[in-house]
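A quick write-up on the structure given underneath.
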Number of protein chains: 6
Amino acid sequence: MLHILFIFALLFSSSVDAADFCVAKLKGAGSPSGYACRPPTKVTADDFVFSGLGVAGNTSNIISAAVTPAFVQQFPGTNGLGISAARLDLAPGGVVPMHTHPAATELLCVTAGKIQAGFISSSANQVYVKTLNTGDVMLFPQGLLHFQINAGGKPAAAIVSFNSPEPGLQITDFALFANDLPTDLVVKTTFLDAATVKKLKGVLGGTG
Amino acid sequence: MLHILFIFALLFSSSVDAADFCVAKLKGAGSPSGYACRPPTKVTADDFVFSGLGVAGNTSNIISAAVTPAFVQQFPGTNGLGISAARLDLAPGGVVPMHTHPAATELLCVTAGKIQAGFISSSANQVYVKTLNTGDVMLFPQGLLHFQINAGGKPAAAIVSFNSPEPGLQITDFALFANDLPTDLVVKTTFLDAATVKKLKGVLGGTG
Amino acid sequence: MLHILFIFALLFSSSVDAADFCVAKLKGAGSPSGYACRPPTKVTADDFVFSGLGVAGNTSNIISAAVTPAFVQQFPGTNGLGISAARLDLAPGGVVPMHTHPAATELLCVTAGKIQAGFISSSANQVYVKTLNTGDVMLFPQGLLHFQINAGGKPAAAIVSFNSPEPGLQITDFALFANDLPTDLVVKTTFLDAATVKKLKGVLGGTG
Amino acid sequence: MLHILFIFALLFSSSVDAADFCVAKLKGAGSPSGYACRPPTKVTADDFVFSGLGVAGNTSNIISAAVTPAFVQQFPGTNGLGISAARLDLAPGGVVPMHTHPAATELLCVTAGKIQAGFISSSANQVYVKTLNTGDVMLFPQGLLHFQINAGGKPAAAIVSFNSPEPGLQITDFALFANDLPTDLVVKTTFLDAATVKKLKGVLGGTG
Amino acid sequence: MLHILFIFALLFSSSVDAADFCVAKLKGAGSPSGYACRPPTKVTADDFVFSGLGVAGNTSNIISAAVTPAFVQQFPGTNGLGISAARLDLAPGGVVPMHTHPAATELLCVTAGKIQAGFISSSANQVYVKTLNTGDVMLFPQGLLHFQINAGGKPAAAIVSFNSPEPGLQITDFALFANDLPTDLVVKTTFLDAATVKKLKGVLGGTG
Amino acid sequence: MLHILFIFALLFSSSVDAADFCVAKLKGAGSPSGYACRPPTKVTADDFVFSGLGVAGNTSNIISAAVTPAFVQQFPGTNGLGISAARLDLAPGGVVPMHTHPAATELLCVTAGKIQAGFISSSANQVYVKTLNTGDVMLFPQGLLHFQINAGGKPAAAIVSFNSPEPGLQITDFALFANDLPTDLVVKTTFLDAATVKKLKGVLGGTG
């Protein structure tokens, strides 16, 4: 009986194909659905674990904030699984500036401190702002402008997750001022004056 | 024979159900997939035709530009079909300011004049700008900041299409300055100074 | 100028339709894509915030564990947004038994203590087990059997997220023993003997 | 212990929401994702079973063939589940004429007799034809013209399945000749002459 | 401060991965989701612009019509973006014969002249026909038979867009008569007589 | 005229790109959307036909049952088409044990004999069981535990189809007992005692 059973087990495991996961081969071309899969025989439990979110990011910067991503490039196991994560650290006074994730909804869970967060709707420019305590969860729908600010006097942190391994991150100030987009184009398309644009280009490392 | 055939035809048409289309009943609650369907018996060819894009929009405004949408609210036939359109008019000097479509990729086809258009990538803040002639087509990937500017001395126009009946439109300036988002939150999250923020709030009708 | 601008703003906000979000009306029939949307005018920032995950669940039960969900039924704001969350508490010795989420991939982030977790692949019955420290993240691909166990001597907790507002939860023991599935059917389909089945039905409240 | 366990079971089953299925309420408006769901409490095992495919359809008609659908309208349990089926009967000489399924790929499994079947690709008008024996399976990719013909001297049958509860069925001859599409429009758009068009309109019950 | 900011900018742009776009490498195997992506460093603004739709197609042919596609093979920037376009030219008397797009809904915008267009539903063989003026938009749901005819005495043109980079195009006459599908199979599956089939095969270059 | 027509035909067939199908190249890395496509020029009708389901599987094993899959690994033509099939054979007394398909809904059509089949819901552990006669169809929603048992005194068979080319198959007993998952982990996560676990590991070839 045992013998027959083994054959049966073998039959099933060899003849059945499943797309349980597709750990990314980051080298090489991607496709619209993500990266090519590493051979299952070379995949181990380690490929499904990411240890980088246990340590606070370095907030010694101009925004007193840090974002530590566990997107597909850092965490190849997320490839094709439709989910990813990041850690957010906000020192007192810290701010994650206005930004969007073009390809994912964000779910933020405060793990330390207090965070004021908000997003703006596209149809009516309606503002949705809340001050969140530790343990609170907030949603930021896909593609909408949003921000997070430390709302207490001590360090705050959050775990955020996204319904895509590649949510994207477009910080409005960086998109406008941290590249070579000509000043006159920025002026024309933002209603800002040239002096303001040039100043921010200076601060954020942009040219043009 | 004819008799049998009729029965056969009847059989097929009555027993076969198809989701060819789902013209929106705009009144009543929507769902994540769109609006409820009007009964097929009340649908006519007119439901699949929209005539509003043949006329130039009114560009007598501060941006010398007009956007005439044919999204699901104006064009209920697009409901569930994964596509919609709009007309863009740019008087000389006209500008469609920096904006995103949170839920769709845009394809723009210039139908008159010259348009300078561009978008900014999320990963590297890379700028992709081109001056387009009549007949040229340009893509603006989902959720990315982009703009259009009249690039000639005469009126320009474009037909744009989206791969969603509800692409959304978030104009950055309106999102930041045309609502009650408190000035200090705008200041903290944009690096702009309070005077600039207040001035733009004044121009765009915002408060706070 | 201001006047014109207001008209422009009005034009845009009234004529542009966007599917930014669809907060669930839980009463009434759902659809394959989720629940009907509450009118946007009745939606506030509170609809996007869930405060129940800040408090530990009650682990005074047979498995010394608790799962506190923030799925669409508890957190209607997730409707249509493709994401949800839950809190997991594991007292010392606590176990979340073998289970699947039929409709979502899970991403677990340990927020306190140590957790041993694992899943089993479908094709080769391969086991992927890891002991996770605070801050570690682990993935559990959609539909695969997995478990979590407290791996330290003190309470452990985790925030888990799912790429669906309705991930589902099928605990194998409850599916097999906590209902009226006849004992002989359980015996035939699990290779367990009738005495074991009847004992577990007794413990878990099943009949038949 | 039992008491605690019951509470635990209760907790899980009441607090966890799952979208396992959504049996259609056929009355009332559908949505782009399908019909509204019947309340789970009113759903029984019968809703997931369809008994109509065990009986041969009536092939006493002009094409000596019958299609018995188990699409969402006949089999409401398929709503939202992404699959449906039909039975195909072909008397000797029977033919299912050229047709498409606009919204689904078809998988046909011959259960009796021999069937010659084929489809035509869209890019190169390439023909893929095979004669299938009982037990053979053939694929017809979404939206492509295909046909089935009895290829033996005795009755043939097949079970076909589709990856949609609403695959749609557009029989080319019925689309062209069984309605009020004006003869001159058919002539212009098909290269057929008016006499042929009028004759087929006569046979298939069309007007115009 | 500048120094710190640069580090911050660097951190974000290098550590954040985004799937903004995936310009096709047309050489090499595709996948079900499209072609492999060209490296982002080799992508320029030109990849998102297609200039071929500004020129009328050559309508000196039997149907006095021309279709100029900007699908993924002509416009690799559309890969993975869920949208594409084409230009349609109809000389007086011009016709785009009955056809389907198996993989996309079409949105047509008349840019010159008048066009009579229509589609046929799958369930009830219902005809939806309209005569469109310049600026009118019409929808053709995915997979349904449709046609376009010049409805004025002068050249007409349209820009059409699709919600797929690979909509496909199956012209019914070409599928039936422009290949080696045996005449008897065409006869059996279309109700046409052999003489008509052979004549059309002759005209359209088919054999068999 | 003929000449012009040929050019026209050529123009269309060469300039139009379609994603009708994507027959899998099984060697080489897959992607989240499936395998790479074989060149269309190397694809023939045979690639869309699978002949292995016409023969009964070998049921001389411990469960007196056999599953013969036609998933993408056996039937590469299903790649990207969203559907696949399998044959199920149940000798008298035969059982397909409790299992799930993590990535697909199953539709079963009984082609011979009688089959008792059932599934268990995730939310309420509700049991849905039916005895099916030849010709009956039953649905098993994605990811839910289900089983099939011969319900007559003679051989039974079924054709099952799935709305994915890679549905996956996770047999609960094999997942728990046919690998090296340590006995104490199985005990902790299933409520079974160690003796039962070790016995089943013995029978099913597991270790640990």
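The values are calculated or read from the model by the stated rules, or taken from the named source; none is laboratory data. Only a predicted model underlies this, so the values are computations on that prediction, with no experimental measurement involved. Cβ placement follows ideal geometry from the backbone for every residue including glycine, while neighbour counts extend to all protein chains displayed. With ligands, DNA and RNA removed, areas are computed over all heavy atoms of the protein, side chains included. Shrake-Rupley method; radii C 1.70, N 1.55, O 1.52, S 1.80 Å.
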Identity of the residue in segment E:128-157, hydrophobic (A, V, I, L, M, F, W, C) and open to solvent by 30 Å² or more (accessible area, probe 1.4 Å), that ends up farthest from D:MET98 (Cα to Cα) | E:ALA151
Residue hits (segment C:39-54; at pLDDT 95 or above and in a loop (DSSP other than H, G, I, E, B)) are C:VAL43, C:THR44, C:SER51
Out of all the residues in segment B:110-118, is one or more touching a Gly at 6+ places or on another chain (Cβ under 6 Å), open to solvent by 10 Å² or more (accessible area, probe 1.4 Å) and assigned to a strand (DSSP E or B)?
-> no
Of everything in segment F:6-34 that's within 21 Å of the chain's Cα centre (by Cα) and either open to solvent by 60 Å² or more (accessible area, probe 1.4 Å) or more than 7 Å from every other protein chain (Cβ to nearest Cβ) (or both), which residue is modelled with the lowest pLDDT?
-> F:LYS27
Mind listing just one residue for me: the one in segment A:158-180 that is surrounded by fewer than 24 Cβ atoms within 10 Å (Cβ to Cβ) and in a loop (DSSP other than H, G, I, E, B) and, of those, nearest to the other protein chains (Cβ to nearest Cβ)?
-> A:ASN179
Right, B:ALA103: among the small types (Gly, Ala, Ser), open to solvent by less than 10 Å² (accessible area, probe 1.4 Å) and under 14 Å from the mean Cα position of the chain (by Cα) or not?
-> no
Kindly provide the set of residues from segment D:113-167 that are more than 13 Å from the chain's Cα centre (by Cα) and among the polar types (S, T, N, Q), ordered by number.
-> D:GLN116, D:SER121, D:SER122, D:SER123, D:ASN125, D:GLN126, D:THR131, D:ASN133, D:THR134, D:GLN148, D:ASN150
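For segment E:198-208, which residues satisfy the criterion of being under 27 Å from the mean Cα position of the chain (by Cα), part of a helix (DSSP H, G or I) and touching a residue at least 12 places away in the same chain (Cβ under 8 Å)?
Selection gives E:LEU200, E:LYS201, E:VAL203, E:LEU204.
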Check D:ALA91, D:ALA103, D:ALA56 and return the single one that is of a type in the set (A, V, I, L, M) and closer than 17 Å to D:LEU169 by Cα.
-> D:ALA103
Restricting attention to segment B:76-94, which residues are open to solvent by 10 Å² or more (accessible area, probe 1.4 Å) and either under 30 Å from D:ALA29 (Cβ atoms) or touching a helix residue (DSSP H, G or I) at 6+ places or on another chain (Cβ under 7 Å) (or both)?
-> B:PRO76, B:GLY80, B:LEU81, B:GLY82, B:ARG87
Restricting attention to segment F:120-139, which residues are more than 8 Å from chain D (Cβ to nearest Cβ) and in contact with a His (Cβ under 9 Å, 6 or more places away or on another chain)?
-> F:ILE120
The residue from B:THR189, B:THR111 that alone is within 7 Å of another protein chain (Cβ to nearest Cβ) and under 19 Å from B:ALA65 (Cα atoms) is B:THR111
Before we move on, is D:GLY143 assigned to a loop (DSSP other than H, G, I, E, B) and within 12 Å of chain F (Cβ to nearest Cβ)?
-> yes
Residue ID - farthest from the other protein chains (Cβ to nearest Cβ), chosen from residues in segment C:64-75 that are buried (at least 24 other Cβ atoms within 10 Å of the Cβ) and in a loop (DSSP other than H, G, I, E, B) = C:PHE75
Would you be able to tell me the number of residues in segment D:184-196 that are open to solvent by less than 50 Å² (accessible area, probe 1.4 Å) and farther than 18 Å from E:PHE119 by Cβ?
-> 3
Looking at segment A:174-208, which of the residues that are on the phi > 0 side of the Ramachandran plot and not aromatic (Phe, Trp, Tyr) is modelled with the highest pLDDT?
-> A:GLY205
Residues satisfying the stated conditions in segment B:53-63, i.e. crowded, with 17+ Cβ neighbours inside 10 Å and at the interface with chain E (Cβ under 9 Å from one of its Cβ atoms) | B:LEU53, B:GLY54
Which residues, taken from segment D:76-103, are facing another protein chain (nearest Cβ under 8 Å), in a loop (DSSP other than H, G, I, E, B) and either out of contact with any Gly (no Cβ under 8 Å at 6 or more places or on another chain) or of a type in the set (Gly, Ala, Ser) (or both)?
-> D:GLY80, D:LEU81, D:GLY82, D:ILE83, D:ALA103
